[in-house]
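Below is one structure; the comments refer to it alone.
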């Protein structure tokens with residue numbers, strides 16, 4: 001039986017008690033951990049931090065609208081086999097050469113427990129979540145083309161992220177441990193900034209946080225700036241040698257924070273109006 005190791009965050013990934021409890025619950029129950037939250041709150045980085053804590057491999061699986069659970073197990077590369085048959089490159093009779101394990105297949109076939117990150121599951125169609133958990137419950141799969149069967153020796157630690165763009169099936173939710181990552185308050189954000197930019201002066205930290213949260217509180221924004229965008233913005237300020245910022249129309253590197261044309265217009269309009277909007 002795998003030794004149970006508690007997750008307490010890492011030097012580069014700060015946590016709170018609620019997040020640590022959710023991760024450790026998922027580890028203890030050997031259930032998938034479903035993590036929701038707005039983009040930029042560290043959902044994907046959480047999987048990296050867990051892999052670092054458990055000292056194991058992280059296998060990422062970035063979901064698209066066309067993703068199927070079967071594709072996550074393996075794909076049969078018929079195009080490459082046809083190419084080789086035409087140009088004489090290798091023995092096309094050996095079908096195993098053309099079987100490529102997908103992220104889920106690699107996780108189940110691994111000799112040791114790994115972290116499987118299923119990123120942005122809400123991008124897939126409605127059947128994908130239940131098909132996915134069906135394969136995880138079986139802990140084995142068979143390659144139809146060769147007859148080879150893979151049986152998992154260790155259940156992978158499954159971290160599933162969602163941006164909450166689509167409702168997930170109730171049957172899927174019942175089988176997961178759930179955690180919602182709240183957007184960091186100002187004091188917690190200060191700690192995050194200190195991790196990424198430890199040499200930043202306290203005065204500049206105060207200024208960038210004041211500007212950042214004022215922008216986030218503007219009511220007309222369609223996409224509010226996230227933690228990752230704040231970190232990038234600070235990096236740009238430091239490279240340019242800027243040691244003072246304030247909320248104004250000529251805010252330096254505004255494009256690092258606002259990524260939609262409508263939001264840039266809304267930002268300018270609200271500053272011109274001389275009001276501070278609250279959501």
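Observations on the structure shown:
- Within region 236-267, tally of residues that are in contact (Cβ under 8 Å) with a residue 24 or more places away in the chain and within 29 Å of the chain's Cα centre (by Cα): 11
- For region 166-279, the helices (runs of 4 or more DSSP H) that sit wholly inside it and include 2 or more residues that are over 26 Å from residue 119 (Cα atoms), touching a helix residue (DSSP H, G or I) at 6+ places or on another chain (Cβ under 9 Å) and not assigned by TED's automatic domain parsing to the domain that holds residue 123 are 186-196, 202-216, 227-239, 261-272.
- Residue in region 116-124 that is in a loop (DSSP other than H, G, I, E, B), more than 27 Å from residue 11 (Cα to Cα), in contact with a strand residue (DSSP E or B) (Cβ under 7 Å, 6 or more places away or on another chain) and at pLDDT below 95 present: no
- Inclusion of residue 104 among residues that are assigned to a strand (DSSP E or B), in contact (Cβ under 8 Å) with a residue 40 or more places away in the chain, crowded, with 17+ Cβ neighbours inside 10 Å and touching a strand residue (DSSP E or B) at 6+ places or on another chain (Cβ under 7 Å) is not warranted.
- The helices (runs of 4 or more DSSP H) found wholly in region 35-101 and carrying at least 2 residues that are under 23 Å from residue 229 (Cα atoms) occupy 43-54.
- Residues considered: 151, 144, 158. Of these, the only one that is crowded, with 20+ Cβ neighbours inside 10 Å and in the same structural domain as residue 56 (by TED's automatic domain parsing) is 158.
- Across region 216-235, the qualifying residues are those that are surrounded by 14 or more Cβ atoms within 10 Å (Cβ to Cβ) and more than 17 Å from residue 192 (Cβ to Cβ), and the one among them that is nearest to the chain's Cα centre (by Cα) is 223.
The values are calculated or read from the model by the stated rules, or taken from the named source; none is laboratory data. Keep in mind it's a predicted model, so treat the numbers as computed, not measured. Positions of Cβ are backbone-derived with ideal geometry, glycine not excepted, and every protein chain shown enters the neighbour counts.
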